[in-house]
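Only one structure is covered here, and it is reproduced in the block below.
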RNA sequence: GCGUCGAUGGUAGAGUGGUCAAAUACGACACGCUGUAAACGUGUUGCCUUCGGGCUUCGGGGGUUCGAAUCCCUCUCGACGCA
């Protein structure tokens, strides 16, 4: 993997670049479509591509549980499996430590109001006496035990395990196993969790290098994966097909080129911890970095800035799980190269659509007889061919096409917005573009 | 014509003397969703309200009772059975 910065945004941390992966280039800043279970919900790869998406992100935890990482590996890796020909990434499962752990069953999400964080009644002093509180993820020093949300079985995921799974999944870019903490945790806990995340980062890297080493050459792949290998085909994508005579089960197994590994910076909302984390994670031999955590909207930009001022400039940075329009401007201005977010597809499926004048709820009464497209100047498939009245009708009728048309528009809207922001930096009018966009978007 | 059963809020459908402005589901309306436990979730859904409560509702009318959606009479309508 190779990252080149083409242009920098003056007087800020922002930059435009190109990230080369075995499956093609990613022009950054870029928005990564989230396809947790090796599918962008309700869209086929052609629709994802037509929306302008350059890269998609799957999830370690979900794919490990179903269908199983070996299934994906034997299919030829996540890209081949899901018929996505471009670059792919996988998240490590670290977010599920949060979403199925501290946040499970609570009104805590990736973004949370500042008031909620500081409201003492919502803090987690119970942390040390809420061990019987319902949660599907429990953190140990060595790893995390998950109770499968699918069938209740217990799975223990360590950094090593996460990396092994991700190597099997075979994405171009993978992430270190981290602990995404709840912002309601106190500083003491944030510090402990950060130490854990740092240790896990080292272990992720170590395991990654071990696997990489093993796969470093076809010869080594033979030794590591398979005994009695008789033939190794030329690589296709990031995978090579390996044939054996002796073992019919292993016959036709696939070996992969090593993916790139991104380390993840945590540290909650504390400046010292964030900087300490950026320093530490940034010093390790990662190919790039993720910035993780659950934020309050109010302090997300400062956290991103603290981190990106420290992280090595020449490596790509991915702001994990963030992607509302205003956040994209903020992130890019503060040196973020990659974003992923479920918002466009989830909001779409749930009936909220992005427009340049802000989000609209398509089920609202006023759209039932609105025969104009969601956005009149939008060139996405949905806007070119369908009216708000029709999409509203599909939602009211609970038709599957509703989520598809809405997701197409939302994904196009966000991907295209990032693309336009990128262009605005190249054209030296980022700030003007930002002001104009937000003036229209943020106002009612 | 006789008999039996039935008629409940936008719909379906509980309730069968007080705890009933009436379960539940659907619908309607509004809102939420940021590394996807999510084609999901939450709230409201008779009228008025100073949010304490007040008022009118369970086909129509009349009764019994301290009290009726619930019991009785009658009318209207519907289903089924017998003529």
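Scanning the stretch A:132-143 for residues being surrounded by 17 or more Cβ atoms within 10 Å (Cβ to Cβ) and within 12 Å of RNA strand B (Cβ to nearest atom) gives a total of 3.
From the list A:370, A:377, exactly one residue is under 30 Å from residue A:15 (Cα atoms) and surrounded by fewer than 21 Cβ atoms within 10 Å (Cβ to Cβ). Which is it? Can you show your working first?
Values: A:370 fails: under 30 Å from residue A:15 (Cα atoms).
Step by step, each of A:370, A:377 is checked, and only A:377 is under 30 Å from residue A:15 (Cα atoms) and surrounded by fewer than 21 Cβ atoms within 10 Å (Cβ to Cβ).
Screening residue A:73 with (1) more than 16 Å from RNA strand B (Cβ to nearest atom); (2) assigned to a loop (DSSP other than H, G, I, E, B); (3) touching a helix residue (DSSP H, G or I) at 6+ places or on another chain (Cβ under 6 Å) gives one miss only, at (2).
Quick check on my filter: what residues within the stretch A:298-327 are in a helix (DSSP H, G or I) and more than 25 Å from residue A:93 (Cβ to Cβ)?
As a first pass, look at the stretch A:298-327 and keep what is in a helix (DSSP H, G or I): A:298-310, A:325-327.
Answer for the stretch A:298-327, where residues must be in a helix (DSSP H, G or I) and more than 25 Å from residue A:93 (Cβ to Cβ): A:298, A:299, A:301, A:302, A:305, A:306, A:309, A:310, A:325, A:326.
Residues considered: A:152, A:86, A:77, A:105. Of these, the only one that is under 30 Å from residue A:298 (Cα atoms) and either at pLDDT 95 or above or assigned by TED's automatic domain parsing to the domain that holds residue A:198 (or both) is A:105.
Return the total of residues in the stretch A:91-107 being more than 17 Å from the chain's Cα centre (by Cα) and either within 8 Å of RNA strand B (Cβ to nearest atom) or assigned to a strand (DSSP E or B) (or both). Give the derivation first.
Pass one, the stretch A:91-107, residues more than 17 Å from the chain's Cα centre (by Cα): A:101-107.
Pick out the ones that are also either within 8 Å of RNA strand B (Cβ to nearest atom) or assigned to a strand (DSSP E or B) (or both) and you get A:103-105.
Total satisfying the criteria: 3.
Return yes or no: is residue A:335 touching a strand residue (DSSP E or B) at 6+ places or on another chain (Cβ under 9 Å), crowded, with 21+ Cβ neighbours inside 10 Å and on the phi > 0 side of the Ramachandran plot? Judged against the criteria, residue A:335 is a match. Filtering the stretch A:21-37 to residues that are assigned to a loop (DSSP other than H, G, I, E, B) and crowded, with 24+ Cβ neighbours inside 10 Å leaves A:29, A:35.
The residue list A:67, A:87 contains one member that is without any contact (Cβ under 8 Å) to a residue 24 or more places away in the chain and away from RNA strand B (no atom under 11 Å from the Cβ), which is A:67.
The values are calculated or read from the model by the stated rules, or taken from the named source; none is laboratory data. In this text the structure is predicted, and so the values were computed from the model without any measurement. FYI the Cβ positions are ideal-geometry reconstructions off the backbone, even for glycines, and counts take in every protein chain you see.
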